[in-house]
There are 2 protein chains.
Amino acid sequence: MPYSAVKRLLLGRPLSSREFEQQRLPKRLALGVFSTDAIASTAFATQEILVVLVPAAGMAALGYLVPISLLVVALLVIVVLSYRQTLYAYPNGGGSYIVSRENLGTNPSLVAAASLLVDYTLTVSVSVAAGVAAITSAIAALRGYEVELAVALIVLIALGNLRGVRESGRLFAPPTYVYVSMMTLLVVWGLFRTFTGDLQPLPVNHAQLAHFTGGETMLGGVTFFLLMRAFSSGAVALSGVEAISNGVQAFRKPESRNAAITLMWTGFILGSLFTGIAVLADQLRPTLSENETILSQMGHAVFGGGGPLYIVLQASTAAILTLSANTAYADFPRLSGIIAGDGFMPRQLANRGDRLVLSNGILVLSIAAGGLVIGFGASVSSLIPLFAVGLFTAFTLSQAGMVVHHWRLREPRWRAGLVINGVGALATTLVTAVILVSKFTEGAWIPTLVIPLLVLLFKGIHHHYATVDRAMRVEPGIKLPDIQHTVIVLVGPKVHIGVIQALAYARSLRPDFLHAVSVAYDADQANRIREQWERFDLDIPLDVVDSPYREINEPVLEYLDRIDARWSSDVVTVIIPELVVRHWWQQLLHNQTALWLKVRLLFREGTVVTSVPSHVLDEGKVKSPIPPTTAADRPAARSPT
Amino acid sequence: MPYSAVKRLLLGRPLSSREFEQQRLPKRLALGVFSTDAIASTAFATQEILVVLVPAAGMAALGYLVPISLLVVALLVIVVLSYRQTLYAYPNGGGSYIVSRENLGTNPSLVAAASLLVDYTLTVSVSVAAGVAAITSAIAALRGYEVELAVALIVLIALGNLRGVRESGRLFAPPTYVYVSMMTLLVVWGLFRTFTGDLQPLPVNHAQLAHFTGGETMLGGVTFFLLMRAFSSGAVALSGVEAISNGVQAFRKPESRNAAITLMWTGFILGSLFTGIAVLADQLRPTLSENETILSQMGHAVFGGGGPLYIVLQASTAAILTLSANTAYADFPRLSGIIAGDGFMPRQLANRGDRLVLSNGILVLSIAAGGLVIGFGASVSSLIPLFAVGLFTAFTLSQAGMVVHHWRLREPRWRAGLVINGVGALATTLVTAVILVSKFTEGAWIPTLVIPLLVLLFKGIHHHYATVDRAMRVEPGIKLPDIQHTVIVLVGPKVHIGVIQALAYARSLRPDFLHAVSVAYDADQANRIREQWERFDLDIPLDVVDSPYREINEPVLEYLDRIDARWSSDVVTVIIPELVVRHWWQQLLHNQTALWLKVRLLFREGTVVTSVPSHVLDEGKVKSPIPPTTAADRPAARSPT
C-alpha cells in the first residue's frame, strides 16, 4: 500500500510492544528531552520582565531586573523541592493530573488536566515564537516572515515527534548542552569584561526606547501593580519544571532517583542562568527593541558583533527555543492518553500509534499551537499573558494534592514532606492569584475561560461513554436470540452481474422473507423494469416502488416501513449491489445514490445494510464474491480443517 | 428531517415528472430567459473594443467603433440565419453538441461540448464582472469590493436557478425589458440631442487617457493586427445567440416556430442596440476610464448626471448583466445532462434534482465561474480574451454539422439551407482563426488548452463506463449460483450487547463456517479475552490474533487470508458490531477503528462487510435489530401476507 510506504519513510519502521522498554532514556538524554523547555525559558523571560516595566520606567526598568529575578528563583527553589517529593511518591509518573486525581478527587484533577493541556499548547507557541525572534534578531532579512517561520518549525517538530521518543532525545539533547555552555560563557565572560572595565554599558537606543515609552520623557514610574505584572511575566521561567514528574516512566531504572537528579540539575541550571542574565543586563544596560532581543544585543557586545561565537549563541538559542516545544510534545500526548484512558477524552487518543507515541495527541497539539501562533502573529509578548495561568493552576493543584497525600498515608518523614509541599502550595496559590489579577485583561481571561470549558467537555465525554457502557453491558449466561430475518435486495433499472451476485448472496442467507425492490421514476420505467424481471425469471419476487420526485431514499424508507408493518421480523437486511473499481477517481463515477442511502439507513433502527461488492478490473473483468456459475460447475469445496 | 426542511425553504417544494410539461415557457418569458445573455453583451462589447484600440490610438480609437461594430453585426446576421435553420432541423433541441454528434461524429461533438461548457462558464464570469462594473460606475463607495460583489451575485443566481426554470423566467424577464427600453431611449434621445446641437461631445479626461496610453502623446497608431484584436473583442457580443437552439424543448408548442421567432427578435434587438451605442459613442466621445464605463458616462451626459433616468439605466444594466449569467445557468446543466446521458460525464449530472433542474450541473458551474471571477479579479477586460474561443469553436462545429445535415438528408429547400449554413461555417471558422491568432498570448491559450483536456476527460469517462457495462452484462437464462458462505464476527476486547447481537445475526445467516475473531495487543490481553469468551459460553469458536504493532487492519486481513487458505468458501462476510449514537459529534467518539477496516475490506475481493448497528438512545437504552432475548419469549411473528 503506498500510504504505508509514505508513513514508513516519514515516521520510520513500526515498533512492537516489547521494544518499548528499550526506548527508555538515560539521564543525559532525558535532560535534553524533559528540561529543554525549562532551561530555554531563560531566553525570553528576562526580556518579558522589561516589556512590562520599560513603558512606565524607561531605562530605569533595568534596576528592577535583579530583585524580580531573585524572587522568581526563590519560587523556583520552592517548586523544585515540592516536585522532588512527587517523583518519589509517584514513581509510576505523577503529573498534576494524577496527583490531583489520587488525592483531591475528579473535579480538581480535571482542572489540572485542562490547565496542563493549555499550558503545553502555549509552551509550544511561545517557544517557537521566541525561537523565531532569536533568528530574526540575527538575520534582518527574515523579519516580516515570523508567522510563516513559526508554522514551519511546528510542522518540523511534529514530524520529529511522530518518529518516536528516543530519536527525539538524540536529536534534541545536543542543542540544550550547546545553549547552556554558550549562555554560561556569555554571563561569565561578560561579567569579567565589565568587572575589568574592558566593556562599557551599551549606548541607549533612543528611537527604540521612544517606541516603547510612547516618546514620553516624564514617565509615570513603577507601581506595585506593575511590579506584580512584571513578576508574573518572569514567573513563566518555571514552565517545564513539572514536565519530569509526568515522564518518570521514560527514565531508566531506578526511575524516581534518576528523575529527581535530573530535576535538581534542571533547577540549578535554570536558576543560575536566569540570575546571571539579569545581573549581566543590569551591567550592560541593553535597550529594549522591537527588532533585536536583549540577549542578542548582549551577545553582540560581549562576543563582538557577527563573530563565530555570536553566531553559535544565536543559533543555539534559536535551536533550544524551537526545540523546547519538544517537552510539550513529549508530555501532551502522554497526558491526553492517560486522560483518554480514564474516559474523559476520545478513546482514539489513547491508542499508541505504531511508533510508540500517541500520534493523535501530537496532531491535536500541533493544530492548536499553530492556531495560536497565527492568531497572535507569532508575538511572544502577546502570548505571555495567556501562558502562566494554566502553569500555576497545575502547580497549585499538584502541591495541594501532595499535602493531602502526606496527611493521608503518613509514610516515613511525612511531616517534612507536608511542610515542603504546604509551602509550595501556598506560594503557587499566591502566584496564581497575582497572575490572574495583574494579567486578566491582557489575555489571562482566555485560559480562565478555556480551562472550565475543557473541564465541561471532559465531563460530557465521560458521561457519554459511561451511559453507553452501562447500556451495552451484558453478563455471562445470556443466550444468543433466534432471529426472524427479512432480506430486501435493492435493484437498479438494469439487471447486471452485480444484481445476480447480490441476489445469490441474499438467497444464501436463507432469510424468512426475501424480496427485491426497484425504484421507478414513471410508469414507463416501472413497466420496463417488470418486463425485464420476468425475462430473467430468477424466482425472487420484485416490488417496484414509484418515485415521482426522482428520489431514492424516501421511497425505499417508506417501502421498508410497509414491509415492517406487514411482517414483524426482527431485522431487515437491505442488500445493495456495489461496484468497486480500481481507483478512487473511478469510484466517484459510481454508487453515489447507494452512498446516501447507506448513511440514511444506518440511523434506521432494526436495519442492517450490506453492500455486495463487484470488483471491476481495469481490463474489464469482474471479480466478485459470488461466482456467476452454479455450485455444481465448480470443484467441490474443501472441508474446514 | 431538518435537511429537507431547509432545502424546501430555499428551493421550493419538489415537482413531479407530470408537472414538467406545465413548466414550459411562453415566448415573452423565453425571451427573458434565453436572450438575456445575448442582449446584455451590448453593455460591455463596445467598451472592450476601445480597451484594445485606445492604448495605440488615443481618442482617435473612437473613429474605428462604427466600422468594427458593423462588421460584428454582419457576422451576427450570418450566425442568426444559420441558427434559424438549426431550430427547424432539430426541433427536439439542437445545440452545437447534438448537431455535431448527429452529423460530424463523436470527436467533433465532444469538442463542441467542451467548447460550450467553457463558454457558458465564461458567460457567467464576464456577465457578473460587467454587472459589478455597472454598479461601481454609479456607486463609487463600492469600488474595491468588485470580487466580493461578484461572488455574492453568483451565489444569488445559483439559488434562483436551483428553484427551477419557470420561476427563473418570472424573475429575470422584467429587467431584460427595462434594459432594452432604457438603452433604446439612451440611443434615440442622445442622438436627437446631438443632432439638434443640444448636446456637445464630452470633454477629454486627460488623466484617464494617460492611464491607458501610458502618457505617450506620439502613439504607434492602429495596425491590422490590432484591428483584428478589437474585432475579436467585439465579437463576444454574439455570445448567447446559440442558447435558444439548446433550449427548444423549453418553449411551448410549436416549439421550433416559437424558438425561431424569439431568435429573430433577439438578433434584431442585439444588432440595433450594438450599432446604436457605437454611433452614439462616436458622437459623444467618452474617454475610456478605469472607474466608470463609457455607457455610464453617456447616460450621465444624455439623462443628466444622477437623475432618476440615469439611475434606472445603471440599475437595469447591472440587473441584466448579472442575470444574463442566467442564460448559462439554464443551459449548462441541460447540456451536461445530455452529455452525461451519453456516458461522457459522470452519471450523477444526469439526475434531475427535485425542482426539475439539473442541480449538480448548477453547482459545478457556480464553482467554476466563481473561481474565474476570483482568479481574474472580476476584471472584464482580463476575462474577454478567454471568452470568444469556446464560443466560435461551437458556432463553427454547429454550422459545419448543419452543412453535412443538408447534404445528407436533402429535405425540401436543402440547397438554400446548405448555402446559408455554408456561409455561416466559413465566416465562423475565419473568426475563430482571427481570435486564436490575435488573442493567443493574452489568454486565449487557456481555453485552447482546457478544451482538449475536457475532451480527453469525456473520452476517459466514456471508456470507463463502457468497460464496466460490458463487464457487468448478463443475459436472461442465468441462474443464481449456490454459495459456500463463511462468516467472521469481529469482536473487541469486551463482550457487550452489540457483540451478542452481531453473533446472533451471524448465526441467523446459517453460514457454512462461523468463527469470531478478536485482536490482542499482547499475551495478557489475549488471555483475558479467551477467559471472558469461555465464561460467556456462546457456542461459537473464537480466534485471537496477535497484533504486536497495535494495529487492527493488517492482522485481520492476514487472518482472512488464512481462513481463505483453509476453507475455500465463495464469500467471506465480516460482521462488525457498530454503535450508533444520536448525534454526529457523539458518533466521532465511536467506531473509528471499524471505519478504516471497512474501507480497507471494501477493496478485498470475495469479501462482504456487514455492520450490525446497536442504537444507543440518549437515556442510555439500546435499540437494535436483534432483541436480547430468545424468540420463545416474544409473541409469534405474523406470516407474510
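Quick look at the values:
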{"item": "Alpha-carbon Rg with Dmax, taken over chain B, Å", "result": "33.0, 108"}
{"item": "On Cα atoms only, tilt of B:497-508 relative to the major axis of chain B in degrees", "result": "80"}
{"item": "Taking region B:485-631 and dividing mean pair separation by its residue count, relative contact order in percent (alpha carbons under 8 Å, at least six apart)", "result": "28"}
{"item": "Mean residue ellipticity (222 nm) of chain A, computed from DSSP H runs ≥ 4 via -39,500 (n - 2.57), nearest 500", "result": "-21500 deg cm²/dmol"}
{"item": "Nearest-ten-degree value, helix B:359-375 long axis tilted from longest Cα axis of chain B", "result": "60"}
{"item": "Rounded if a/c under 1.5, otherwise prolate or oblate - region B:522-604, Cα gyration tensor axes", "result": "oblate"}
{"item": "Amide hydrogen neighbours beyond the local backbone of B:VAL489, cut-off 5 Å, H modeled", "result": "B:HIS515, B:ALA516, B:VAL517, B:ILE575"}
{"item": "Three principal axis lengths of region B:161-307 [C-alpha, angstrom, descending]", "result": "59, 39, 31"}
{"item": "For a label point 7 Å along the Cα-to-beta-carbon line of A:ARG257, residues of region A:91-131 with backbone N under 18 Å", "result": "A:91-93"}
{"item": "Sequence-distant aspartates and glutamates (8 or more away, or on other chains) whose Cα lies within less than 12 Å of B:LYS253", "result": "B:GLU21"}
{"item": "Greater than 26 Å apart at Cα, pairs in B:LYS27/B:LYS459; A:LYS459/B:LYS494; A:LYS439/A:LYS459; A:LYS459/A:LYS598; A:LYS27/A:LYS439; A:LYS494/A:LYS598", "result": "B:LYS27/B:LYS459; A:LYS439/A:LYS459; A:LYS459/A:LYS598; A:LYS27/A:LYS439"}
{"item": "Residues of region A:484-502 with amide N under 13 Å of the 7 Å Cα→Cβ point at A:ASP543", "result": "A:486-491"}
{"item": "Three-way shape label, region B:318-424, alpha-carbon gyration tensor, a/c 1.5", "result": "oblate"}
{"item": "Residues of region A:105-122 with amide N under 20 Å of a point placed 7 Å along Cα→Cβ from B:LYS494", "result": "A:106"}
{"item": "Debye-sum result for region B:493-539 in log10 I(q)/I(0), which assumes one identical scatterer on each alpha carbon, at q = 0.19, 0.21, 0.25, 0.32 Å⁻¹", "result": "-0.67, -0.79, -1.00, -1.25"}
{"item": "Eligible aspartates and glutamates near A:LYS479 by straight Cα distance, threshold 18 Å, same-chain separation 8 or greater", "result": "A:ASP570, B:GLU531, B:GLU534, B:ASP537, B:ASP539, B:ASP633"}
{"item": "For B:GLY215, inter-copy label distances in nm, listed shortest first [label point 7 Å out on the Cα-Cβ vector]", "result": "3.4"}
{"item": "Other copies of A:VAL419: label-to-label distances in nm, shortest first, labels 7 Å along the beta-carbon direction", "result": "12.1"}
{"item": "Hydrodynamic radius by Kirkwood, which averages 1/r over all alpha carbon pairs of region B:71-128, in angstrom", "result": "12.7"}
{"item": "Global geometry of region A:357-473, whether rounded, prolate or oblate, following the gyration tensor of its Cα atoms and the 1.5 cut on a/c", "result": "oblate"}
{"item": "Interchain or long-range residues, amide H under 5 Å from A:SER611's placed H", "result": "A:ILE576, B:VAL609"}
{"item": "Label 7 Å beyond Cα on the Cβ vector: B:GLU605 copy-to-copy distances, nm", "result": "4.3"}
{"item": "Angle in degrees between helix B:224-234 and the longest Cα principal axis of chain B, rounded to the nearest 10", "result": "60"}
{"item": "Isotropic mean projected area of the C-alpha convex hull, the protein assembly as shown (nm²)", "result": "62.1"}
{"item": "Pairs of Cα atoms farther than 27 Å apart, region A:485-629, %", "result": "19"}
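Each value in this text was obtained by applying a stated rule to the coordinates, not by laboratory testing. Bear in mind the structure is a predicted one, so any value in this text is a computation, not a measurement. In this analysis, Cβ positions are derived from the backbone assuming ideal geometry, glycine residues included, and neighbour counts consider all displayed protein chains.
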